[in-house]
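Structure first, then comments.
Bear in mind these aren't lab numbers, they're just calculated from the coordinates by the rules spelled out. This one's a predicted model, so the numbers in the text were calculated from it and none came from an experiment. Note that each Cβ is placed from the backbone with ideal geometry, even for glycine, and that neighbours are counted across all protein chains shown.
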Amino acid sequence: MSAELTRLSATRLITAYRRKEISPVEVTRAVLDGIEAFDSAVNAFCVVDGAHALDAARASEARWQRGAPMGLVDGVPTTIKDVVLSAGWPTLRGSLAVPREQDWSDDAPVTARLREHGAVLIGKTTTPEFGWKGVTDSALTGITRNPWNTDLTPGGSSGGAVAACALGLGALHIGTDGGGSLRIPAGFTGVFGFKTTFGRVPAWPASPFGTLAHVGPITRTVTDTALMLNVLTEPDARDWHALPANGKDYRVGLEDGVRGLRIAYSPDLGYVEVDPEVAQAVAKAAGVLAELGARVEEIPPPFENPADCFRVHWTAGAAALLARFGEPQRARMDPGLVEIAAEGAACTTADYLQAMADRAALGERMGRFHQDWDLLLTPSLPIPAFIAGAGFPDSGPYAQCRDWTPFTYPFNLTQQPAASVPCGFTTSGAPIGMQIVAGKYADALVLRAARAFESVNPFVMPERPLPPG
């Protein structure tokens, strides 16, 4: 029964709590048992606070017994990525350079909203140092592994969150995404990761990577993400980039399907080398949406590879981040992070202004594109997961992170909503993701299409961490 409880969606948990079929305490204990059993194999958590979680679960249980839940996710086990502030827990950001002994009394907006709605916060999930790369390992917390094959990476930078999600170690998970850090690991582990339109989910403090960076949900079902967004999109005055709160219930219209939608499908964006098994699975998934009534047409989006534009923005952010630290602290940091920060420090003002102009032009082109097309489909990644502890695959044209994440970062530049939807497996059992992108502010449309796909292709999760082979 304990294992079964960890497989229940947040939506199902809320229904069961309301009917008094199960208790938040039972569920929280089951999740903590799961962490004890499985986390040594995947290293998803850097903080687990069982005592605090059980206290919160008991308080939630009392509210449900009175028929007076605190909010939309009262009693639901939830995790927070270790780049997001959570009062009472250190937020070390995967770095040896961040002092543990300091004031940790602030919640980030998403953490505050989850607490206000009664979520049971279990702990914090692992990240590479400051979330700088697309895999999850650090000198502070070690290597995080893929639950579908523990020899493989779960991707990153929200690698701990997706590993926990896939194994049922919490129903709701907070990740971040500055160049794909929700969608990359979701694609590698077969869970649902959603980067909303920039500003839809308030964030604070501001990311060193500026307006590339988003905070968002990782879940095992699309409906749970819709539920979670009702909480996360509530306003917070500390984020001056945040969009005005619209009071939208993202569950409304979720089952409306895709009939009549105009969907562009690009297998390679016109410039990406894609693994044949990945290409085949995503093409088949695009065909499913066509069978459900969408008008799907293979067509490339109107841009060339924006890698240089993204590189300037990303490395400049890294340079600004590392400028806050002295040489002794930088000497303890990931050499790759130090390297890209040096690259960013060498950028001139003219370089940055040109990158800003290139970004604006890209955003304009995609705005015009979505006048004709409701959605764009691509692979989430061009390859399946590779060996854990490595920064890139050992073969193919993928020597830099930007080379093997070409489908995700363009839509950080354009600030559009984009999700990774599980759509199959390779013959060796590695998950494959399809990316669904909509025009700016059309977040609900991404969810609607993802739910339509999920309704005929339910997402599959591992029962336990799977060894190699």
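Here are a few things to note about the model shown:
- Residue match in region 254-263 (condition: hydrophobic (A, V, I, L, M, F, W, C) and out of contact with any helix residue (DSSP H, G or I) (no Cβ under 8 Å at 6 or more places or on another chain)): no
- Check on Thr233, buried (at least 17 other Cβ atoms within 10 Å of the Cβ) and in contact with a strand residue (DSSP E or B) (Cβ under 8 Å, 6 or more places away or on another chain): no
- Residues of region 357-380 satisfying the condition of being over 18 Å from the mean Cα position of the chain (by Cα) and more than 18 Å from Ala442 (Cβ to Cβ): Ala357, Asp358, Arg359, Ala360, Ala361
- Scanning region 307-351 for residues that are among the aliphatic types (A, V, I, L, M) and under 11 Å from Ala97 (Cβ atoms) yields Leu321, Leu322, Ala331, Met333, Leu337, Val338.
- Listed by first and then second residue, the pairs linking a residue in region 152-174 that is touching a residue at least 24 places away in the same chain (Cβ under 8 Å) and on the phi < 0 side of the Ramachandran plot to a residue that is among the aromatic types (Phe, Trp, Tyr) and buried (at least 24 other Cβ atoms within 10 Å of the Cβ), with Cβ atoms under 6 Å apart and 6 or more places separating them unless they lie on different chains, are Pro154/Phe188.
- Screening region 240-266 for residues that are part of a loop (DSSP other than H, G, I, E, B) and touching a strand residue (DSSP E or B) at 6+ places or on another chain (Cβ under 7 Å) and picking the one that is nearest to Val201 (Cα to Cα) gives Leu261.
- Residue that is surrounded by the most Cβ atoms within 10 Å (Cβ to Cβ) [pool: residues in region 96-117 that are touching a residue at least 60 places away in the same chain (Cβ under 8 Å) and in a loop (DSSP other than H, G, I, E, B)]: Ala108
- Qualifying residue in region 381-395 (condition: under 30 Å from Asn43 (Cβ atoms), over 25 Å from the mean Cα position of the chain (by Cα) and not charged (D, E, K, R)): yes
Okay, residues lined up against (1) acidic (Asp, Glu); (2) part of a strand (DSSP E or B); (3) buried (at least 17 other Cβ atoms within 10 Å of the Cβ):
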| site | (1), (2), (3) |
| --- | --- |
| Pro422 | no, yes, yes |
| Ser428 | no, no, no |
| Gly433 | no, yes, yes |
| Phe453 | no, no, yes |
| Phe459 | no, no, yes |
| Pro465 | no, no, yes |
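- Ile35 being surrounded by 17 or more Cβ atoms within 10 Å (Cβ to Cβ) and farther than 30 Å from Gly326 by Cβ: yes
- Highlighted here are the helices (runs of 4 or more DSSP H) found entirely within region 288-403 that include at least 2 residues which are of a type in the set (Phe, Trp, Tyr) and surrounded by 17 or more Cβ atoms within 10 Å (Cβ to Cβ): 307-322.
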